[in-house]
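First the structure, in the form of C-alpha cells, and then the observations on it.
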Amino acid sequence: MALDGVTLNHLVKELAPQLIGARIDKVVQPEKEEIHLYLRNQGKSLRLLLNISATAARLHLTQENKKNPTSPPMFCMILRKHLEGGKILNLEQIGLERIVLITVQNYNEYGDLATLQLYLEIMGKHSNLILVDPVKQVILDGIKRYSHAVSRHREVLPGRTYIIPPSQGKWDPISESEEETFRSVLLKDEISGKLIDLLVKHFNGISPELAREVVVRAGLSLTIRLEQCGDIDLSRVFQGYLTLANPDTLPQIEPCLYYQSDAPSKKGLPTAFTFVPFQQYQGLTAETFFSLDAAIERFYHSKASNNNLEAKRGSLRKIVQENLHHMNKKLSIYEETMENAEKSFKYSRWGELITANLYRITPGMTEITVEDYNEETLPQITIQLDPQLSGIDNSQRYYRLYNKAKVTLQKTEPLKAASLNEVNYLESVLLSLEQASTPSEIEEVHKELIDQEYLAGKHINKSNPKKASKYPNKANAKKKQGNKPEAPQPKTYLSSEGRMILVGKNNRQNDWLTLKKGRPQDLWLHVKNIPGSHVLIPLEDGEEFPDDTTLEEAAALAIHFSQAKGSSQVPVDYTHVKNIKKPNAAKPGMVIYETNWSLYLTPKPEVIERLLSTENADE
C-alpha cells in the first residue's frame, strides 16, 4: 500500500521531534529517485530516506547503507551545496495532502543565514523532490525536471516559480467535522456509486485501504452503494471516518504490519502497514511496532529486497532457459540423426539379398523384387537399383550406406548422452532458482553458473587450481588466514516423530549434503529420474532405517522440492549414503547409485504444511 494523507500525518508527527534541530552532515543519492540525508541530533546519528519512485514514494528513517554512484548526480550536488551543514528548522505536512515540507537553515555562499525549503511531493508517477528558495519562491532544482510540455499547471525547472500541486477540492476532516457536512458531501452526486469509491473521491487523506476500513468498521459490505445506506448506516460511516481520518481524534497510534501468510513463523512478504490495527486484515498475520516509522521502513525494505531478489532470479532464469532451449534443440537434432541412422540399418539386409540374387539382375534394371528369407513368412520386398551399376556394385553401395549409418550412430550416441545430461543439469538449476527464497541461495546458483562457465566471472578451475588466481601466492596466503568459503546451509525439518530431515535447495547444497555432511549409514532420498533436492535422514550407529512415518515424510519433502511437486504416486528412491557415487567430471548435484529401494507416494497437503512449519526449528 502507498502512504495516504492520514498515515503521512501520523508519520510526520512521529518524525518531527527527532528531526527538528538536526544538523545535515551529508547528502547522498544512491539511486536515481532516492536521496539520503545523514543527520546528527543531540549526539545521535540518523539517516532520513526520501524516495519519489512511482510505486514506493515515501520518507522514513533507515539503517540501510546503499552503495553510492562514483559520480554524484547534479541534483545531489545542488543539495550538498545548499543543505550540508544546515539545520532542520521544521518538518510539516501541507494539510492532509501528501506533501511534506522540510525547512532548513544554512549559511549561503556570502556567509549569510538563509532559509531553504525541500518539498517531498508523494503523487504516484508524478512524485518529486524540489528545493525552493522561500524568499523568492523560485525553484533551485528538482530531482525530476519538466516543462509545460509535460504539465500545463507548472514547470519544475531551476529559476521557475514554485507552485504547489493543485488541490483536488476534497473535504478536510481536520477543519470540518460536522456530520451534516459529511452527508452533504457524500450525497451531492453519484448516489449509485460504491461507498468506498465516493469516500476516496470526496475526502482528503483517504486511500482505498482506509476507505475500506471505514466501511468495515461501520459493519457494512465492501460492495455497498451509497443509495443502499440508511441514516444509521451513514452515522456509523461518519463515526468510523472521524475516528480514522482525523488524526487529531486519534492521539495514540498502534502501528501494525500485515503478512499474507497465516503462519507466524512463515510470514513471507508484508502486504500492508497501518497506524492502528485494521479489522479488514484480521485474517492475516500481524506484527506490531513501537513506531510507524519502523513499520514503514520494514515494509518498503522487504518490498525492495524482494524486488531485487526477483530481478536477479529473472535474469539468471533467462540465461538458464536460453541455454536449455539451445541444448534441447541440439538434443532433437541428435535424436533425429540417430533415428534416420537406425532406419538405414535395413541397407545391410538389402545388400545381402542383392548378393543372393545376383543371377537375376541384368544390366539396366531399376528394381528387383525378392523374397526376404530373414523373415519366417518370406515376404516379397522390392529393392531399388542403380541402372548404371552392376548387381555386385549395387550390393556394395547398400553396404556402404549401412556402414555410414553405423558410424553416424556410434558418433552421435555419446553426443546425445552428453546433451541429455546437460538438459537434466540445466533443469535442476532452473528448479534451484525457483526454490531459492533468500539472496544467499540465489547467489549460490549464480556462483554455480559462473563455475560451469554459463556466466562470465571469477571461478575456481578445479582441473588446474593455479589458474584460479592471477597471484597464487596471495591466494594461498588468504587460505592460510582462514578465508574459506562458507559451508552451504541446507534446510532442516522435523518429522512427526521428532527426527531431523535435511534438504538441499540447490546443487551446491545437494553435493555438500550428500558427499560431505552425510555419513555412510545415513539414508538418502531423491525423486526417481526427475530433477529435485537431495534429502538426508541422519541415522544412529547400527540403525538401518528410520521409522515409517519419518521415511514417508522425508519422501514427501523430496517430492515437494522437485519437478514432481503436485503430482500423484511419485516414485522416490532411497538408499544409504555409502551407495552414492559421484562420477568424475559430473555436473554439480549429479550422483549415481545402483542399490536402492523405491516407494510411491502422493504427499498430503497438511503433511507438507506441517513439515514446512518446522523449517530450521533446531536452530
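The values are calculated or read from the model by the stated rules, or taken from the named source; none is laboratory data. What you see is a predicted model; the values in this text were computed from it and never measured. Reconstructed Cβ throughout: ideal geometry from the backbone, glycine too, with neighbour counts over all protein chains shown.
Condition check ((1) surrounded by 15 or more Cβ atoms within 10 Å (Cβ to Cβ); (2) assigned to a strand (DSSP E or B); (3) free of Cβ contacts under 8 Å to residues at least 40 places away in the same chain) across all residues:
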| residue | (1), (2), (3) |
| --- | --- |
| Leu536 | yes, yes, no |
| Thr549 | no, no, no |
| Leu557 | yes, no, no |
| Ser568 | no, no, yes |
| Tyr574 | yes, yes, no |
| Asn584 | no, no, yes |
| Lys587 | yes, no, no |
| Tyr600 | no, yes, yes |
| Pro603 | yes, no, no |
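On inspection, Ile442 qualifies as of a type in the set (A, V, I, L, M, F, W, C), part of a helix (DSSP H, G or I) and either buried (at least 19 other Cβ atoms within 10 Å of the Cβ) or touching a helix residue (DSSP H, G or I) at 6+ places or on another chain (Cβ under 9 Å) (or both). Count of the stretch 120-178 residues, restricted to those that are farther than 22 Å from Ala56 by Cβ, assigned to a strand (DSSP E or B) and among the hydroxyl-bearing types (Ser, Thr, Tyr), is 1. Could you list, in sequence order, all residues of the stretch 31-55 that are over 17 Å from Leu79 (Cβ atoms) and either among the charged types (D, E, K, R) or within 22 Å of the chain's Cα centre (by Cα) (or both)? Hits for the stretch 31-55 are Lys44, Ser53, Ala54, Thr55. I'd like the residue in the stretch 136-195 that is surrounded by 11 or more Cβ atoms within 10 Å (Cβ to Cβ) and touching a Lys or Arg at 6+ places or on another chain (Cβ under 7 Å) and, out of all such residues, is nearest to Gln93 (Cα to Cα). The qualifying residue nearest to Gln93 (Cα to Cα) is Ile163.
A Cβ distance below 7 Å, combined with a sequence gap of six or more or placement on separate chains, defines the contacts here; from the stretch 375-396, residues that are farther than 14 Å from Tyr347 by Cβ reach residues that are of a type in the set (Asp, Glu) in the pairs Leu378/Glu371; Leu378/Asp372; Pro379/Asp372; Gln380/Glu371; Thr382/Glu367. Just one of (1) at pLDDT 90 or above; (2) farther than 30 Å from His148 by Cβ; (3) assigned to a helix (DSSP H, G or I) fails for Val200. It is (2).
In the stretch 62-81, is there at least one residue being part of a helix (DSSP H, G or I), in contact with a strand residue (DSSP E or B) (Cβ under 8 Å, 6 or more places away or on another chain) and buried (at least 21 other Cβ atoms within 10 Å of the Cβ)? Checked the stretch 62-81: at least one residue is part of a helix (DSSP H, G or I), in contact with a strand residue (DSSP E or B) (Cβ under 8 Å, 6 or more places away or on another chain) and buried (at least 21 other Cβ atoms within 10 Å of the Cβ).
Selection of first residues in the stretch 86-111 that are over 17 Å from Ile24 (Cβ atoms) and of second residues that are assigned to a strand (DSSP E or B) and β-branched (Val, Ile, Thr), restricted to Cβ pairs under 7 Å at least 6 apart or on distinct chains, gives the following pairs, ordered by first then second residue: Gln93/Ile99; Gln93/Val100. In this entry, Thr274 passes the filter for residues that are within 30 Å of Lys13 (Cβ to Cβ) and among the β-branched types (Val, Ile, Thr).
Looking across the stretch 301-324, the residues that are under 14 Å from the mean Cα position of the chain (by Cα) and hydrophobic (A, V, I, L, M, F, W, C) come down to Ala304, Leu309, Ala311, Leu316.
Go through the residues of the stretch 85-105 one by one and say whether even a single one is assigned to a helix (DSSP H, G or I) and assigned by TED's automatic domain parsing to the domain that holds Leu19. Scanning the stretch 85-105 turns up no residue that is assigned to a helix (DSSP H, G or I) and assigned by TED's automatic domain parsing to the domain that holds Leu19. Do the conditions hold for Pro166, that is, is it closer than 30 Å to Val27 by Cα, touching a strand residue (DSSP E or B) at 6+ places or on another chain (Cβ under 8 Å) and not assigned by TED's automatic domain parsing to the domain that holds Glu84? Considered against the rule, which asks whether it is closer than 30 Å to Val27 by Cα, touching a strand residue (DSSP E or B) at 6+ places or on another chain (Cβ under 8 Å) and not assigned by TED's automatic domain parsing to the domain that holds Glu84, Pro166 comes out as no. In the stretch 210-232, the residues that are free of Cβ contacts under 8 Å to residues at least 12 places away in the same chain and loosely packed, with under 12 Cβ neighbours inside 10 Å never reach a residue that is outside any loop (DSSP other than H, G, I, E, B) and hydroxyl-bearing (Ser, Thr, Tyr) with C-beta atoms less than 9 angstrom apart, at least six apart or across chains.
Scanning the stretch 353-386 for residues that are among the polar types (S, T, N, Q), in a loop (DSSP other than H, G, I, E, B), modelled with pLDDT of 90 or more and surrounded by fewer than 14 Cβ atoms within 10 Å (Cβ to Cβ) turns up just one, Thr366.
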